[in-house]
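Readers should treat all values here as calculations from the given coordinates under stated rules, not as data from a laboratory. Every value quoted in this text rests on a predicted model; they were computed, and no experiment measured them. Counting neighbours? That spans all protein chains shown, and the Cβs are built from the backbone with ideal geometry, glycine included.
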Amino acid sequence: MHKQQGFILWLLCLLWLPLVVTAQVHHSLDVSLQPDTAGIEVRDTVTLPQGHPSSLTFALHPALKPELLGDNARLVELAQRTGDSASAGISPRHYRLDLAPGEHSFTLHYSGNIAHPLQSQGEEYARSFQETHGIISPQGVFLSGASAWYPRIDDTQLTFDLEVRLPKAWKSMSQGEYLDTRPASGSRPVEHWRASNPQQQIYLIAGPFNAWSSIDKGVTAMVLLREPDAALADKYLDATHQYIALYDALIGPYPFTKFAMVENFWETGYGMPSFTLLGSRVIRFPFILSSSYPHEILHNWWGNGVYVDYDNGNWSEGLTSYLADHLIKEQRGGGGEYRRNALQKYTDHVSREADFPLTDFRSRHSARTEAVGYGKTLMLFHMLRQQLGDAAFKQGLQHFYQQYRFRVAGFSDVQDSFATVAGEPLDDFFQQWVQRSGAPQLRISKARAEPAGHDYRLTAVIEQTQAGPAYQLIVPVAVHMDGVDQAYQTRIKLTDKQQTLSLTLPARPLQLDIDPQFDVFRRLHRNEIPPAVSQAMGAEQVLVVLANNTPAALKQAYRALALQWQQQKPGHVDIVVDSELQTLPDDRAVWLFGWHNRFRPQLNAALQAYDFAASDDKVRIAGTTLTPQTHSLAVLGRQPQSPDQALGWLAADSAAALPGLGRKLPHYGRYSYLGFAGTAPDNVLKGQWPVVNSPLSVRVLQADGAAVSFSPASLAPRQSLYKGPDTDGAYSR
Ligand SMILES: [Zn+2]
């Protein structure tokens, strides 16, 4: 199992434009691309739907000067508007077009050059991705609605026919159905795409591609690669059919006739309607086939099949993560671990002050927005499933998809669908998870058992310790009993901030666990979470302590890394040298940099409970020995005086290893310790410290004073939401 998928999932999943639906405009586009000169020439016949006003405005890229063909309309350029939210950065020109009475269509002709360079977005601890507003280049072509490369009419959905004249040996990609390719004059291929279902924008991708395809159950799988690689193409063709079959069965029929995996010429993780655009590196990571790839395919149902009402919160990323990333982990027995990681990210990266409700989530641009927009939303769907049961939950998904296919839907529409199949309103549930920001926090105390006839009575106090009113929660409970292999499991309803739990049990209860498999969205107690890199990186304030006793070149490299962190979180990262510091502060996360940092003894104290031993020339972590000559490492603990604050240690064997270490560290956020070798550096050790002293797992006091010895019972196996033979092949690759 690879753990770098955070990197992949970081990439932007969807390009979107805000949209209010009215009716569909049809574009019939004749396009010629000249990549050598960034040139594009277009003839577009636009047909308006019945009842559309005969006067309209549209936006077009400033480099494209439209000319009206025919005399059935009048075209006027409008004065420049300031700011265009849909395509910040390119300032399209706006035009008004008035059709003659009785006319429903007009034809424009225009040409020009589009070449916006790639720009880095979303810097945060070096996790960045690149975007362009549109580019036509010898490497490839990327045009979207944001490029305004076709007349973009506000507030409408569209359908289109797109004929593309390409350079020799090039291929194109767009939404919808691939109709045919025919050589035109001079053997330039012409490809024809048709999207008959309402779309939000028109993508045009092209490049020097090699193509493969296969058909199964009426859906064509396509793979476009920049170098010939039939074996890789085959894996993607097979996986495409398998995942489409899975989601067909779980949700409803795949909404398009093809799905294509297209290799991009920069690193992306874009999911468009009926195709995905992935970077060259990304597509060659073997784990992508069971992580990002199903996620992108599933976006054809959520996001590109049912559109998102962004004004009221983006539900699609969380639902897609739940039914792709979470489902696959769940099928492999890792659902609880996946959910704990999601809650851990929320707990580490979302301070109470920086929290926000799901109605405010649009798209991910930081670890914080990801933790809420993806993490909280997927837990909402998980809790909904726990409350309704798997059968009703699946019916709700199917109902929602059927009702809103190719329409815009918001959280209230999600609620309506599930309420309809459940036969109950669900208002309180959606209100507290969608509208309210924050999360519950739980604590148990006074767990006590006394004999009651042949049985035992277990009582305990359960509190919701968050600020503000109580949440309405259904919380799983597990009781480990004397001499019983299987834990007693039930679910309790919490409605008040303090409640007494009372259970009658057939054997002596020894330990009480609340929410042991992380089924409830909540802020975790620090003792439920092993100390991890994300706690130090996600902290509000961070102090980096450099070691004075370090060779000059290495010292310089440590400082460069610290400065880089400071730039990425301005105002939140301070840097000092250990020789200038008397004691470590206890009000912020602290990173100790360097093998010879003079505060290392504090680290040893922080890691006392774990399998960690360090001397001047070697470190043993969980049975593995690392040395300063051969390894770089990062180790995390809690500050002994201030356990809410992380204490991290980062050390490298050479200056050359540090830039790579700084780049890789954010992708290993959930780990407590990491070892690397070489200058890449390559990961050779990773793991989490065991969880100790969780406040949601307590020993039961025996009122009769009986002496007991505890051995943990096992929890009942969990069923995954969907178990189909047709998915196994894709996962085993
Ligand atoms: Zn996504």
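Can you give the net charge of the other residues whose Cβ lies under 10 Å from the Cβ of ASP309, counting K and R as +1 and D and E as -1?
Details: positive: ARG407; negative: ASP311, ASP413.
Net local charge, ASP309 excluded: -1.
Could you work out how much longer the chain between THR625 and GLN641 gets when fully extended? Use 0.36 nm per residue separation minus the Cα distance between them, nm to one decimal. Can you show the working numbers first?
Working: separation 16, 0.36 × 16 = 5.76 nm, distance 2.79 nm.
Between THR625 and GLN641, full extension yields 3.0 nm more.
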For a footprinting-style exposure proxy, rank ILE202, ILE328 by other Cβ within 10 Å, fewest first.
ILE328, ILE202
Can you give the FRET efficiency for ASP155 and LEU581, using 1/(1 + (r/R0)^6), R0 = 56 Å, r = Cβ-Cβ distance, to the nearest 0.05?
0.45
Inter-centroid distance (Cα atoms) of the range 478-551 relative to the range 132-146, Å
48
Find the centroid of the Cα atoms in the range 556-622 and in the range 408-475, then give the distance between the two in whole Å.
40
If we count every other residue with Cβ under 14 angstrom of SER280's Cβ, Lys/Arg +1 and Asp/Glu -1, where does the sum land?
-1
Tell me the net charge near PRO253. Cut-off is 11 Å between Cβ atoms, PRO253 excluded, with +1 for each Lys or Arg and -1 for each Asp or Glu.
+1
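Can you tell me the FRET efficiency between ALA613 and GLU424 if r is taken as the Cβ-Cβ distance and R0 is 41 Å, rounded to the nearest 0.05? Before the final figure, lay out each step's value.
Working: r = 56 Å, r/R0 = 1.37.
Once rounded, the FRET efficiency stands at 0.15.
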Order these by the 10 Å Cβ neighbour count, fewest first: ASP71, ASP348, ASP238.
ASP71, ASP238, ASP348
Along the Cα-to-C-beta direction of PHE287, a point sits 7 Å from the Cα; which residues of the range 671-693 have their amide N less than 13 Å from that point?
671, 683-687
Gain in span if fully extended, LYS168 to SER91, counting 0.36 nm per residue against the direct Cα distance:
24.5 nm
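Normalised by the residues of the chain, what does the relative contact order come to in percent, with Cα pairs under 8 Å and at least six apart? Walk me through the numbers before you get to the answer.
Numbers: 1613 pairs, mean separation 77.7, N = 733.
Relative CO of the chain lands at 11 percent.
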If I stretch the segment between VAL692 and ASN548 completely, what's the gain in nm (0.36 nm per residue apart, minus their alpha carbon distance), one decimal?
48.4 nm
Once amide H atoms are placed 1.01 Å from N in the peptide plane, what residues at a sequence separation of 5 or more from ARG638, or on another chain, have their amide H within under 5 Å of its amide H?
LEU647
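Which of VAL692, VAL590, VAL544 has the fewest other C-beta atoms within 10 Å, and how do the rest follow up to the most?
Working: VAL692 10, VAL590 27, VAL544 24.
Ascending Cβ contact count within 10 Å gives the list VAL692, VAL544, VAL590.
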Compute the distribution of all C-alpha to C-alpha distances in the chain, in bins of 20 Å from 0, and list the percent of pairs in each, rounded to whole numbers.
16, 43, 32, 8, 1
Separation of the GLN472 and ASP496 label points, Cα + 7 Å toward Cβ, nm:
1.7
When the helix-only estimate is applied to the chain (DSSP H runs of n ≥ 4, each -39,500 (n - 2.57), divided by the residue count), what is the mean residue ellipticity at 222 nm, nearest 500 deg cm²/dmol?
-6000 deg cm²/dmol
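Hey, could you get me the Stokes-Einstein D for the range 134-239, Kirkwood radius over alpha-carbon pairs, 10 °C and 1.306 mPa s, rounded to whole µm² s⁻¹?
106
Label the range 579-645 by shape, choosing from rounded, prolate and oblate, from the square roots a ≥ b ≥ c of the eigenvalues of the Cα gyration tensor; if a/c is under 1.5 it is rounded, and otherwise prolate applies when a/b is larger than b/c, oblate when it is not. Let's see the in-between values first.
Numbers: a/c = 2.27, a/b = 1.41, b/c = 1.61.
Judged from the Cα gyration tensor, the range 579-645 comes out oblate (a/c at least 1.5, b/c at or above a/b).
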